[in-house]
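Notes follow once the structure below has been shown.
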Amino acid sequence: MYGIIIDVNVDPTREEEARNMLNNMVVPTAKTHQGIVAGYWLRALEGTTLRSIQLYDIEANANATAERIRSQDPPPGAPVTLVSVSTYEVIAQL
């Protein structure tokens, strides 16, 4: 299994808008990604970071999604800015 970790910064004055975007656009889109097994979105308790952890069945699907996300900025006027997208191999799980 492989995973991607996506970090975005949320405009602190637009957090509710960011949550709506997440639930109405980001999660439904993620459900359509080829080979996705699971997805988790975490908000830092302190600071403005929102982190997504998405797990994929094979490396090619994880890499394809990571590359697609890297090449597409959030929509104009979005309440978030993309910080990083990284791909990982899952080597253990609970």
Quick one: how many residues across the range 56-87 are surrounded by fewer than 13 Cβ atoms within 10 Å (Cβ to Cβ), more than 14 Å from the chain's Cα centre (by Cα) and assigned to a helix (DSSP H, G or I)?
1
Which of the residues that make up the range 21-48 are surrounded by 14 or more Cβ atoms within 10 Å (Cβ to Cβ), of a type outside the set (A, V, I, L, M) and part of a strand (DSSP E or B)?
Gly39, Trp41, Arg43
Mind telling me which of the residues Val8, Val27, Val37 ends up being without any contact (Cβ under 8 Å) to a residue 24 or more places away in the chain and of a type in the set (A, V, I, L, M)?
Val27
Of the residues Ala92, Ala18, only one is of a type in the set (Gly, Ala, Ser) and surrounded by 12 or more Cβ atoms within 10 Å (Cβ to Cβ); which?
Ala18
Lone qualifier among Thr48, Thr65 - being within 12 Å of Gly3 (Cβ to Cβ) and in contact (Cβ under 8 Å) with a residue 24 or more places away in the chain:
Thr65
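Every read-out reported here was derived from the displayed coordinates using simple, explicitly stated rules and does not represent laboratory data. Small disclaimer: the values here were computed from a predicted structure and weren't measured. Counting neighbours? That spans all protein chains shown, and the Cβs are built from the backbone with ideal geometry, glycine included.
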